[in-house]
Amino acid sequence: MVNNRSALAQLEAGLRDETSSVTALLQTGILLSGQVGAEALRVWARQELKGYTTTEPIPDYREVHGIICIDAVTLTGHVTGQQISPAALPDFAVGFMTEHPILTNPLAELEDFARTSDFTVKLSPAGAQELVRLWNHTAGNGRILSLYWQVNRSAVAAIVTGVRTALAELVGELLAVAPDGQLPSRRGVDDATHFPVAGDRNIITVLNGHGVGGNSSVTLTAEAGQPARETFWQRWRKRGLMVSLTTVVPGAHVMGQARGSSSAAPERQIPIGDAVHRTILAVDIEEFSSPWRTNADRLTIRSGLYEAVHHALLISGVVWAECDHSDLGDGVLVLAPSAYPKAIFSEQIVPALAEALICYNKEHMPVEQIRLRMVLHAGEVSYDAHGATGQAIVHAFRLLDSPAIKQELTQSPGCLALITSTWFYDEVIRRSAHSRPTRYVRVVIHVKETITQAWIHARYGDEGPSDDLRATRLNTGAE
């Protein structure tokens, strides 16, 4: 005869086995709810097993981050996997396609996706073709073929982990309050069944999917619920600072010509040890470790930094997933493929990043605001199993850590100070009027064993370098 506590004991044993199916654990949870008559546990387990409807509250852990992409045809070529910002969507698509869709599928389907070897999943929302048709009526040059998300497989796996975690918390509470060998009370089970719900975001249901090469292609259905929580990016877009399709698509075509059709997460086919040319961009947050900032402040700042960097790259036509990037704790390093014209970085990414920071800082308290030092360089980079290295990267960080750029940011009223290598200035900025080369000042850098010259420009401040920097400038002839 099975004792009263068998379902709870099975749940405990299953949770200790990392290979156990979460779907099977939920079925055991339904057995437990039947033993004690607990309604909350039964309802939640059935929702996870059968999938959620658009009228039910959805747990927060079913929200994923998706990169919005388009395939399109321009007058001169085909664009595949072009990442776009939500701000680039037409008004009638805002609220339908956000960067945070919610998957409502039965958990067994999500477990199947989580077990695949594909790195990304391509999510094509039902109804997107109607959006595409409307969008093509309002677009200028070119024609959009499809609109979809690209989501990391790990994000889908995180949903499964979220359910397992909720079950673990439930069982832990029940084991703490139920005497050994006795059945938990109905109220005890109901009180222990807590899970966050959020019904105000886009709801996505996977209908079918299959792996295609390095990606999974999935069809979804999406419904727009209540308006999503408005972020500072959306408020910025409403003020008219948005990227039009004519900005995004031609830039994508240039990259398509250089590299052919590209996916959002290509596999790097670089033999270990071989050197390749990369444009190097790195940023460092001023006073990130200051004692007047809490860990909560730092988490907010890091989130804002990544959103700002993503935004600046995106509207400049540089796909984040095609770059190599490393988190620096108080900054980020980006290595961009050589196919991207380097002038993009000084002409477009620098001002776009500064504008994004201005927008972010207006929406946050002083303790959460961001001021950045930024470096631009280029050179040969070698890869191994752990990442990238090279003298060019070392040189870039020597410039970023130099007293000259730190002092310039301190003296500048702006939120970003830029330093570039002599090579980048001579080969890129000096030849680009849109990079405003006369606003740069040449300085001598002495950091550790590095003694070299570099160029500094405080991009958003008093329209030129600070007085202290002018006093130490070299005789360059620059105004």
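A few points about this structure:
- Inter-site label distance for GLU39 and GLU307 at 7 Å from Cα along Cβ, in nm: 3.9 nm
- Residue-span extension gain [HIS78 to LEU49] - 0.36 nm each, minus C-alpha spacing: 6.3 nm
- Database remark: amide H of MET97 closer than 5 angstrom to no amide H (H placed geometrically; neighbours at sequence offset of 5 or more, or on other chains; Pro and chain starts carry no H).
- Shape of segment 306-458, Cα gyration tensor, a/c cut at 1.5: rounded
- Mean Cβ neighbour count within 10 Å, used as a protection proxy, ranking 110-119, 380-389, 153-162 highest first: 153-162, 110-119, 380-389
- Computed from the Cβ-Cβ distance with R0 of 60 Å, the FRET efficiency linking GLU56 to HIS446 stands at 0.40.
- Potential lengthening of the chain between THR116 and ASN136 amounts to 3.7 nm, from the contour at 0.36 nm per residue minus the alpha-carbon distance.
- For ALA275 and ILE358, the FRET efficiency from 1/(1 + (r/R0)^6), where r spans their Cβ atoms and R0 equals 35 Å, is about 0.40.
- FRET efficiency for the pair GLU380 and GLN27, taken as 1/(1 + (r/R0)^6) with r the Cβ-Cβ distance and R0 = 60 Å, rounds to 0.60.
- Accessible surface calculations at 1.4 Å, restricted to protein heavy atoms, place segment 274-401 at 36 Å² per residue.
- Long-range HN-HN contacts of VAL79 with modeled amide H, under 5 Å: ALA72, VAL73, THR74
- Net length available on complete extension from THR165 to LEU299 is 46.0 nm, with 0.36 nm assigned per residue and the Cα-Cα distance removed.
- Phi angles across segment 451-457 convert, under the Karplus curve 6.51 cos²θ - 1.76 cosθ + 1.60 with θ = phi - 60°, into 3J(HN,Hα) values of 10, 7, 10, 8, 10, 10, 9 Hz, Gly and Pro given as x.
The values are calculated or read from the model by the stated rules, or taken from the named source; none is laboratory data. Everything quoted here is computed from the prediction, not taken from an experiment. Backbone-built Cβ (ideal geometry, glycine too); neighbour counts: all protein chains shown. Note: areas computed on protein heavy atoms with side chains; ligands, DNA, RNA excluded. Shrake-Rupley method; radii C 1.70, N 1.55, O 1.52, S 1.80 Å.
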